[in-house]
1. Taking only DSSP H segments of four or more residues, each worth -39500 (n - 2.57), what value at 222 nm results for the chain once the sum is divided by all its residues, to the nearest 500 deg cm²/dmol?
2. So how strong a dipole does the stretch 4-205 carry about its Cα centre when Lys and Arg Cβ are +1 and Asp and Glu Cβ are -1, to the nearest 20 debye?
3. Which order do the peptides 244-250, 373-379 come out in when sorted by mean C-beta neighbours inside 10 angstrom, highest first?
4. Relative to the first principal axis of the alpha-carbon coordinates of the chain, what is the inclination of helix 198-229, with its axis defined by its Cα atoms, in degrees from 0 to 90 and to the nearest 10?
5. Check D411: other-chain or 5+ apart residues with amide H under 5 Å from its amide H, H built from backbone geometry?
6. Taking a ≥ b ≥ c as the square roots of the Cα gyration tensor eigenvalues, with a/c under 1.5 meaning rounded and otherwise prolate when a/b beats b/c, else oblate, which class fits the stretch 278-422?
7. Taking Cα pairs under 8 Å and at least six residues apart, what relative contact order does the stretch 4-205 come out at, in percent?
8. Whole angstrom only: what separates the Cα centroid of the stretch 200-239 from the Cα centroid of the stretch 338-412?
Amino acid sequence: MKKSICVIGIGYVGLPTAAMFASKGHKVTGYDLNQKAVDALNKGEIIIEEPGLGELVKQVVKDGNLVGTTECPVGSDVYIIAVPTPINEDKTADMRYVESATRAVVPCVRKGSIVILESTSPPRTVVDLMLPILKETGLELGEELLVAHSPERILPGRVLEELRTNSRIVGGINEKSSIEVKKIYESIVEGEIFITTSTTAEMCKLMENTFRDVNIALANELAKMSEELGVNCWDVIRMANQHPRVNILQPGPGVGGHCIALDPWFLVEKSKNAKLIHQARLNNDSMPEFVMNKISGILGGLKGKTVALYGVTYKPNIDDVRESPIMHLMHLLGDNGADVRVCDPHAGEKVENNYSIAEAAKGADIVVLGVNHDEFKDINFARMAESMSGKAVLDTRNFWSRADVERAGLDYILLGEGKEED
Ligand code: SAJ
């Protein structure tokens, strides 16, 4: 049955979710306080980079199934909360947006409405934060007002496909809530939908991202040990991963984005037992400084040196710089006296002075690959070598070909590669 659905927060998660429901014929309203995002939506345009999303939004807006608004619509069948859950300076969760979104729906819901939290949240958020607020509706929770957490688990860059094909977890405050919310997602999800409690659903989502964070922390620790002990960590990972029960992820200049770099902190905040998780966060957060020290070691100091930095978004082929470890590296280099010339074809105006591939290397003492965007695949290293002042190329992603770099007369240096003779 077609529903009226209000998606609260039309950002990286809310907008694709709203568009997918709209494409299945539901009447969807995207509610956001950001006037710019709402205006863009009503013109059928998007202000983020995500494959296929622009076309889909254009179509559903044209069909009249998706509209943007800055006022929460009264009387929708379903309210989906997809607002940010950032962290404070002290690494505790900033739940203001979830709280204000929950308050916003209180005067709008009616008997039979459904409220779903999609935002990644600390364990017990639905029970301890949302339910006391929703009680103010005067409706019987779990009977007249159904409530669930169904965490988003979509990978930026593959959002539409993953929304459709991934399995989904629905954690209701009671069985009735879970069953009804499952029915809603069945209209857009082809993967299996698992039913559980809201707190278990919160924990599942956090542990998925934490699993990845801890694994990457292990890879980064391996990279550091390898440099110390004269080993190439990439060879170790490639061969160790041949074992049927081993899958070590990739090291790099750190972990960024709005999910993996933040979510484990929600567990650290809530549980004194999250010790390994805490240490993994610290390991990953130490990587920008580790890379800076490596660059300083190669150049014999940073003062007055020119560093060409290729790629500053938090991962390849997207425009998102949130929590980007390479942005952090950029600031660290600058603070320590280096002149940093950034080239990022995806980041646009998110960086000041965004140079072209050729311009960034001009006069550089070192070229550093921060993120392996597709645009950096076929770099002409011979031309780059002609315009550089120095000869060093540091690859933090094992992305460039050592042979190509060396053929151009440059020195190829790989993060996590120690030399036996060192
Ligand atoms: N990274 C490494 N080494 C790796 C893999 C990733 O250093 O081997 C780094 C990336 O460079 C990046 C960061 O980790 O800076 C995170 O990137 P990612 O691609 O691993 O994940 P996200 O943050 O883009 O999306 C994750 C996904 N979670 C999982 O795969 C378990 C996605 O499914 C979630 O929906 C998303 O978090 C979210 O919204 O929580």
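1. Working: 16 runs with 162 residues, N = 422.
Mean residue ellipticity at 222 nm (helix-derived): -11500 deg cm²/dmol.
2. Details: 21 positive and 28 negative charges, 54 e Å.
Charge dipole of the stretch 4-205: 260 debye, to the nearest 20.
3. Numbers: 244-250: 11.4, 373-379: 15.3.
Packing order, densest peptide first, comes out as 373-379, 244-250.
4. So the helix axis and the longest Cα principal axis differ by about 0 degrees.
5. A392, V393
6. Working: a/c = 1.33, a/b = 1.10, b/c = 1.21.
It is rounded, given that a/c, with a ≥ b ≥ c, falls under 1.5.
7. Numbers: 434 pairs, mean separation 37.5, N = 202.
For the stretch 4-205, the relative contact order is 19 percent.
8. One Cα centre to the other: 26 Å.
Taken together, the values in this text are just the output of simple stated rules run on the coordinates, not laboratory data. On a predicted model such as this, the values are computed, not experimentally measured, just so you know. Cβ atoms come from the backbone with ideal geometry, glycine included; neighbour counts cover every protein chain shown.
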